[in-house]
């Protein structure tokens, strides 16, 4: 087949992991690909590792993020798109893994039906060196662009970024927002699902990529503050959508999940940023007055250390917030 596939990989200080990713690309049975690696200013020996692959195979290309572009994976991805020539695009993080048949089977699917804009395949977790057999993809009861859109707006993610295979024309109008430090692919897919007319998504149920689990990043310095900043940017980007009553409910679920998963989990390591997240939520227009009271009580308990006191009723309070992720 003559169809060119562009694989785009942003990287930052991944010298210890990127080799496994690049090896999985070299092992592809499909040969007509280019792999564009864009470095975000690594301070380790990532560049030296990548240079070894440039010498092995000319299909690998390496760029440094231009200084006039914002730091971050999104700027690297957009720069990669701009320097690519593929008819189809696939995005990998620099620790993801592809099965050898990944590109061959994806190309076969889209070539057999040229009307497909986005092909979705399954992704599983990679924990250490173990490939899990259970997909992390999610699907609505009824497959539709609208239902997938609402899942992304609710932070109930249908697919991770490496699970999607995009036709080039889709990304001509939908780019990664370079101001976002978190929720990058969530925002991109919301744009694709809400802005592309007559979008055709093909859902194929086979695991061909693996996402490496990294729980430590949640407690890393700056994670919650980046999450907070990104929530504000995300809300601004998709403000028109969120005026819709149902979409507003979806974003309430999104915000509540962030509070439960990230703010309460690492509040005492990131007190200042966590307080900002909570105050923003309380002041926003996405919660009812009763729900805002619950959030304010949670904020008070967190700051007064009552959240750690057994028997104080924190389980009940947490459940009230959890209900907001469903209603």
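Round to the nearest 0.05 the FRET efficiency obtained for residue 83 and residue 232 when R0 = 45 Å and r is the Cβ-Cβ distance.
Approximately 0.90, to the nearest 0.05.
For the chain, what's the relative contact order in percent, using C-alpha pairs closer than 8 Å and at least 6 residues apart? Each step should come with its number before you reach the end.
Details: 510 pairs, mean separation 53.1, N = 327.
Reported relative contact order: 16 percent.
Measure nothing fancy, just the Cα-based angle from helix 289-303's long axis to the longest principal axis of the chain, in degrees from 0 to 90, nearest 10.
Once rounded, one gets 90 degrees.
How large are Rg and Dmax for the stretch 218-323 when calculated on the C-alpha trace, in angstrom?
Cα only, the stretch 218-323: 13.6, 43 Å (Rg, Dmax).
In what sequence do 213, 324 fall when counting other Cβ within 10 Å, fewest first?
Numbers: 213 13, 324 22.
With the sparsest Cβ surroundings first, the list reads 213, 324.
Taking R0 as 22 Å, what's the FRET efficiency between residue 305 and residue 213 from their Cβ-Cβ distance, rounded to 0.05?
The value I calculate is 0.10.
If the viscosity is 0.890 mPa s and the temperature 25 °C, what translational diffusion coefficient in µm²/s does Stokes-Einstein give for the stretch 33-186 when Rh comes from Kirkwood over Cα pairs?
143
Pairs of alpha-carbon atoms within less than 8 angstrom and 6+ residues apart define the contacts here; what relative contact order does the stretch 218-323 have, in percent?
Taking the mean separation of contacting Cα pairs over the length of the stretch 218-323, I get 29 percent.
Quick one: check the C-alpha center-to-center distance for the stretch 250-309 versus the stretch 76-126, whole angstrom.
Here the two parts' Cα centres lie 37 Å apart.
By the gyration tensor of its Cα atoms, with a ≥ b ≥ c the square roots of the eigenvalues, what is the shape of the stretch 136-229: rounded for a/c under 1.5, prolate for a/b over b/c, or oblate?
Prolate.
So in the chain, what percent of DSSP beta bridges are antiparallel if you round to the nearest 5?
Taking every DSSP beta bridge with both residues in the chain, the antiparallel ones total about 30 percent.
Specify the angular offset, from 0 to 90 degrees and rounded to the nearest 10, of the alpha carbon long axis of helix 102-112 from the longest principal axis of the alpha carbons in the chain.
For helix 102-112, the angle is close to 80 degrees.
With 38 Å as the cut-off, how large is the P(r) tail for the chain, expressed as percent of Cα-Cα pairs?
18
What angle, in degrees between 0 and 90 and rounded to the nearest 10, separates the Cα long axis of helix 46-56 from the longest principal axis of the Cα atoms of the chain?
30
Provide the gained length on full extension for the span residue 326 to residue 292, in nm with one decimal, where the gain is 0.36 nm per separating residue minus the Cα-Cα distance. Mind dumping the intermediate values first?
Details: separation 34, 0.36 × 34 = 12.24 nm, distance 1.60 nm.
Gain in length upon complete extension: 10.6 nm.
Just for the Cα atoms in the stretch 150-201, what are the lengths along the principal axes, largest first, rounded to whole Å?
So the three principal-axis extents are 25, 22, 19 Å.
Scale the Cα Rg of the stretch 56-110 by the rule-of-thumb value 2.2 N^0.38 Å and send over the ratio, two decimals.
1.32
If neighbour count is taken as other Cβ atoms inside 10 Å, put 250, 122 in order from fewest to most.
122, 250
Taking other Cβ within 10 Å of each residue's Cβ, how do 280, 159, 33 sort, fewest first? Could the numbers behind the result be given before it?
Working: 280 14, 159 25, 33 20.
Listing 280, 159, 33 from fewest to most nearby Cβ atoms yields 280, 33, 159.
State, to one decimal in nm, how far the label point of residue 156 lies from the label point of residue 52, with both points 7 Å from Cα in the Cβ direction.
Taking the two extended label points, one gets 4.5 nm.
Using a basic spin-label model with each label point 7 Å from the Cα along Cα→Cβ, how many nm lie between residue 64 and residue 200?
It is 4.4 nm.
Quick note: the coordinates plus some simple rules give every number you see, no bench work behind them. Owing to the predicted nature of the structure, the values given are computational and were not obtained by experimental measurement. Note that each Cβ is placed from the backbone with ideal geometry, even for glycine, and that neighbours are counted across all protein chains shown.
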